[in-house]
Amino acid sequence: MKILIVEDEKLLAETLQTLLEARGFETEAVYDGEDGLSYAETGVYDLLILDVMLPRRDGLEIARALRRAHVPTPILMLTARGALEDRVGGLDAGADYYLTKPFDTRELLACVNALLRRQGGQVDELVLGNTALDLSACLLRCGGREVRLSAREFDVMRFLMQERGRVLSKELILEKVWGYDSNAVENHVEVYVGFLRKKLASIGSDVRISAIRRLGYHLEVEGHAETAAD
C-alpha cells in the first residue's frame, strides 16, 4: 500500500515515513500544499496523511480540491488545532479522520489501518477466476499449485486485480507501482507483465493479462471475455 505524507515539518514527515515503512507501507513525502495537491491528484496513493497548516496551500483547500475532482483517496488529517470547530471543518472539507498533534503512534497506525480496511485494502487475498493472490505471502495460487512473486511482480499483479474492471495504461501502472518520481519507463511494465503471464500459465491459471493496443492492460478470465489485441 502506498501512502503520501504532506507535512511541512520535515523531521515529523521523516519520522512518519520510518514508522510506516517499518510496517511494510511504501511512502512518499512532500513539504508544501502545492506539491501535495499535485501528487495527490494523480490518484495513485492508497492513503493521504495531510497536515492542515501548510505553506502555499493549506490542507483544507487540498481536501476540498481533491473531493471536487472526485479523487476518492482516504484522507487522514493532522493538525495542532484541536477545537471542535476545527475538527468539524476538516471533516466537512473531505477528511475521513482528524488526528490532533501531538498524537500517539499507536493511534496513528490504528487510524491508517482502519481507513485502508474501509476501502478494502486489508483483505487477505484477491481472487479472480480459479486464481488467488495471497497478499501476505506474495503468492499466486491455483488449485494445489502456487508460485512466489517478486516484490515488483506482486505490486503489478495486485494493482491489476484490484482494478480488474478497468483497462490500465502503462503510464498509470508506472505511477502506481514504481512511483510518481520514478525513472522507470514503459518497457519495465511490459517486462513484468511478461513475467506474470509465464507464472500464471505455470500454475494452470485461467486468468489472462490482455493488452488493448495503445490503451493498456486488463485481466480476463478465459472463456468469459472478449478477445483483445496483444
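Nothing in this text is a laboratory measurement; each read-out follows from the coordinates by a stated rule. From a predicted model like this one, the values you see are computed outputs, not experimental measurements. Cβ: placed from backbone, ideal geometry, glycine included. Neighbour counts: every protein chain shown.
Under the simplified labelling scheme, the Asn183-Glu163 pair shows an inter-label distance of 2.5 nm, with each label point 7 Å from Cα along Cα→Cβ. Sort out for me the Cα centre separation of the range 56-108 from the range 6-25, rounded to whole Å. Rounded to whole Å, the Cα centres lie 17 Å apart.
When a/c reaches 1.5 or more, the comparison of a/b and b/c decides; with that in mind, is the range 130-230 rounded, prolate or oblate per its Cα gyration tensor? Mind showing how you got there, number by number?
Values: a/c = 1.94, a/b = 1.21, b/c = 1.61.
Taking the square roots of the gyration eigenvalues as a ≥ b ≥ c, the range 130-230 is oblate.
In a reduced charge model with +1 at each Lys and Arg Cβ and -1 at each Asp and Glu Cβ, the chain shows a dipole moment near 700 debye about its Cα centre.
For the range 30-163, the Cβ-based charge dipole about the Cα centre amounts to some 220 debye (Lys, Arg positive; Asp, Glu negative; other atoms uncharged).
With the alpha-carbon atoms of the range 2-118 aligned to their principal axes, the span from lowest to highest coordinate is 32, 31, 29 Å, starting with the largest.
Counting only alpha carbon atoms, the long axis of helix 105-118 and the longest principal axis of the chain meet at about 50°.
With R₀ fixed at 35 Å, the C-beta to C-beta distance from Thr100 to Arg152 puts the FRET efficiency at about 0.40. FRET efficiency for the pair Asp32 and Asp134, taken as 1/(1 + (r/R0)^6) with r the Cβ-Cβ distance and R0 = 45 Å, rounds to 0.70. When you work out D = kT/(6 pi eta Rh) for the chain at 20 °C and 1.002 mPa s, using the Kirkwood radius from C-alpha pairs as Rh and the Stokes-Einstein form, the result is 113 µm²/s. In the chain, helical runs assigned H by DSSP with n ≥ 4 each contribute -39500 (n - 2.57); averaged across all residues and rounded to the nearest 500, the mean residue ellipticity at 222 nm is -11500 deg cm²/dmol.
For the chain, what's the relative contact order in percent, using C-alpha pairs closer than 8 Å and at least 6 residues apart?
On the way: 366 pairs, mean separation 28.3, N = 230.
The normalised contact order for the chain reaches 12 percent.
Can you pick out the pairs among Lys170/Lys198; Lys10/Lys176; Lys2/Lys101 whose Cα atoms lie more than 21 Å from each other? Exceeds cut-off: Lys10/Lys176; Lys2/Lys101. The length gained by stretching the chain between Ile212 and Glu85 to full extension, at 0.36 nm per residue less their Cα-Cα distance, is 40.7 nm. Helix 10-21 axis versus longest C-alpha principal axis of the chain: approximately 40°, rounded to the nearest ten.
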